[in-house]
Structures are given as structure tokens and as C-alpha cells.
Amino acid sequence: SQYVVFVMSCIIVILLLFSGAGEVPVSSRVILSSHNFKETPPAAELHARAAAMREAGADIVKIATMANDISDAAVVLSLLQQKTGAPGAGCIATACIVIRGSFQACWSAACMDRHLRSACLLSLSSSHPASRNAAVYDVLSHDIISSAGPTIALAMGERGQITRLLAAKYGGHLTFAALSDARASAPGQPTIAQLQQLYGFAQQGPSTKLYGIMGNPIHHSKSPLIHNTAFRHLGHDGVFVPLLVDDLPRFMDAFQEHDFQGFSVTIPHKEAAHKAAASRDPVADQIGACNTLIRQPDGSGFKGFNTDWIAAISA
């Protein structure tokens, strides 16, 4: 199989790290993980796999796939969208630093608090034995009560980064973060500071509205910093994220049922945005390109605008 399945993760942790250290806390739970490092399978296949993993005894299901297109992120997020239920007593944004030889102390402290318990997590990969020796794993825990059971769903790579940035909004059990860019343990993994300060992870919830900037490349954009700072100043429950888009129509189709209220559009998608807009302002039509798409309240879709000309003329 192209999947690497990590069976009974908690038991592996116990065997490796609790040997000779006394009894294992009775509150331990089983995390069953499935990783696909090549692609993201169809939604139906992922949902069937998650159900099979839970049937096999998983208390927490973790599925990670490789996003080769940003539409794959929508497939992965569908694992969280199927869930019912609401956030628990609060969103806990806590970094659990697990240092070699110190896991027991971290776990013991975590077991004193049910919110911290899920944050004290160590994933071990049989195909990546070096991960057993990693000095630090950082986790942001977002405890969720759901009839479908706790789920961790991640799309790896920059094209899947929004599954990490928006895990709290979609009800993910937790997401992973690094102490710094240099210490990231997976492609597309943000830092703790980025999640907490830039993307307001702890404040995200089901009603949080989504915004983003579509482009390729996009990692250099200052738009998330500018917009998220403005949202906080205004008290607006929204989050603005970078979107590495290869094909704009495919992205719009994949995320049409999500809470995106508007997009900034940069190269090379401005002409495609003009074509994708359900309606456009007269100036955008004259130019033949849009740098802004805004969802219309009447349900008619996105209206396209062009504000580039204002800056060009006034420069």
C-alpha cells in the first residue's frame, strides 16, 4: 500500500518511552495514523479509510496526505466537515515541547488536564526512524467533542497549508507547529508564532469567515499580515490566508461550499478571476482583469473588481 499506517501509536510510545517507568496513565488513548506522501486520494476513499480506522479501535484518527494541488486541501478538510458537535470548553493553544528523555514528565503533566492531554503527542514513523530522535515536537491542541470522533486531517506541502492554518475553524482535534521555520518537521508546517499571532488560531471557530490571496508564488505576500491585523483591530471574526493556486477555476469549484467571503488576486490569475466572476464592475470589464473577488450577499456568486488602476494612476 502507498500508505504508511502507524498502528496503535500510543502503545508504541508506551513501549519506547515508558519502559520501566511504572504504570501507564489510564487516560491514554490510541491514535491511529495514515500517511500518503505522494498524493491525496478521492474524498470517498479518505472517508472510508477514516471509518475503517475508527472501527479498528482508534480513539483519534489522523490522516495526512500530500497536496499536489490546493483542491486536495478541500478533500482533506471534508474529513472535518462531516463531523457534528461543537468545540469543547475552550481552544487550548499550548506548545508541548517533548525533549528526548523528558516525555514522561510532559505526559504526566498533560494527563492532569484533558485539554493538554491531546497536546502531548509523539508520532513515530517506521519508514522515518530518524523521527524518533527528533529533539522537539510542538503541538497546538484544539479539543473537540464530536459524535464522529476526534480527527486530525492534514494536507502536506505549501498547497495544503490551509488545512493546518484553519484546523481550529474546521474542528480539527489538533494541528502541529514548529518553534521556528528551521525546526519544521513537515512541509508546509507553520510556526507557533504564526498560528497564534498571525492567524489567530485560538480565536477561530465554526462561524469564522474566510478570506485569502490567490497567486503563484504566494509565500512572499504581506496580505495575510495586513488583513489579519486589520481584522483584529476591527473585531471582525475572520482570517486571511495565503492560497497557492495553480488553476483558479479548479480552486473555485473545490471551495465553493466553504466560507470564503472574498479574495485578493495576484499574478498569474487576474484574467482568470475576471472570467470566473459571476459579475464585474465596469472598470474591471474595461481592463479585462480582476484583483478582487467579493461574495455577493444575494447568493449570486463573486463579483469582480479591479483596484490596480487607482494605484497606477495615483503613483
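The values are calculated or read from the model by the stated rules, or taken from the named source; none is laboratory data. What you see is a predicted model; the values in this text were computed from it and never measured. All Cβ positions, even for glycine, are placed from backbone atoms using ideal geometry, and neighbour counts span all protein chains on display. Surface accessibility is based on the protein's heavy atoms, side chains included, excluding ligands, DNA and RNA. Shrake-Rupley method; radii C 1.70, N 1.55, O 1.52, S 1.80 Å.
If you restrict to DSSP beta bridges whose two residues both lie in segment 146-296, what percentage is antiparallel, to the nearest 5? If you can, show how the numbers build up before the last one.
On the way: 3 of 16 bridges.
Percent antiparallel among DSSP bridges in segment 146-296 is about 20.
Could you rank the peptides 248-256, 60-68, 228-236 by their average count of other C-beta atoms within 10 Å per residue, with the highest value first? Display every interim value, and only then the final one.
Numbers: 248-256: 17.7, 60-68: 22.6, 228-236: 12.7.
Sorting 248-256, 60-68, 228-236 by mean packing, highest first, produces 60-68, 248-256, 228-236.
Given +1 on the Cβ of Lys and Arg, -1 on the Cβ of Asp and Glu, and no further charges, what dipole in debye does segment 244-285 carry about its Cα centre, rounded to the nearest 20?
Working: 4 positive and 8 negative charges, 26 e Å.
My answer is approximately 120 debye.
Could you compute the FRET efficiency for residue 30 and residue 185, with r as their C-beta to C-beta distance and R0 at 25 Å, rounded to 0.05?
Working: r = 22 Å, r/R0 = 0.87.
It comes out at approximately 0.70.
For segment 220-264, rounded, prolate or oblate, judged on the Cα gyration tensor with a ≥ b ≥ c (square roots of eigenvalues), a/c < 1.5 rounded, else prolate if a/b > b/c? Walk me through the intermediate numbers first.
On the way: a/c = 3.99, a/b = 1.62, b/c = 2.47.
Oblate, since a/c reaches 1.5 and b/c is not below a/b.
How large is ³J(HN,Hα) for each residue in segment 210-219, as worked out from phi by the Karplus curve 6.51 cos²θ - 1.76 cosθ + 1.60 (θ = phi - 60°), to whole Hz, x for Gly and Pro?
10, 9, x, 10, 9, x, 6, x, 9, 5
Between residue 178 and residues 5 or more places away or on another chain, which pairs have amide H atoms under 5 Å apart, with H built 1.01 Å from N, and which residues are they?
191, 192
Can you compute 3J(HN,Hα) from phi for each residue in segment 241-251, using the Karplus curve 6.51 cos²θ - 1.76 cosθ + 1.60 with θ = phi - 60°, rounded to whole Hz and x for Gly and Pro?
With coefficients 6.51, -1.76 and 1.60, one gets 10, x, 10, 7, 10, 8, 9, 5, x, 5, 4 Hz.
Run the numbers for residue 203 and residue 307: contour at 0.36 nm per residue of separation, minus the present Cα-Cα distance, in nm.
Details: separation 104, 0.36 × 104 = 37.44 nm, distance 3.06 nm.
Gain on stretching residue 203 to residue 307: 34.4 nm.
Rounded to the nearest whole Å², what accessible area per residue is found for segment 180-315 with the 1.4 Å probe? Could the numbers behind the result be given before it?
Working: 7190 Å² over 136 residues.
Each residue of segment 180-315 exposes 53 Å² on average to a 1.4 Å probe.
Taking 7 Å along the Cα-to-C-beta vector as the label spot, tell me the residue 229-residue 315 distance in nanometres, rounded to one decimal.
Rounded to a tenth, the inter-label distance reads 2.2 nm.
Would you rank 209, 169, 275, 38 by solvent-accessible area, highest first, keeping every protein chain in place and using a 1.4 Å probe?
Values: 209 75, 169 15, 275 170, 38 150 Å².
Largest accessible area first, the residues go 275, 38, 209, 169.
Give the peptides 281-293, 40-52 in descending order of average Cβ contacts within 10 Å, highest first. Kindly include the intermediate steps, with their values, before the conclusion.
Values: 281-293: 18.1, 40-52: 15.7.
Listed from highest to lowest mean packing, they are 281-293, 40-52.
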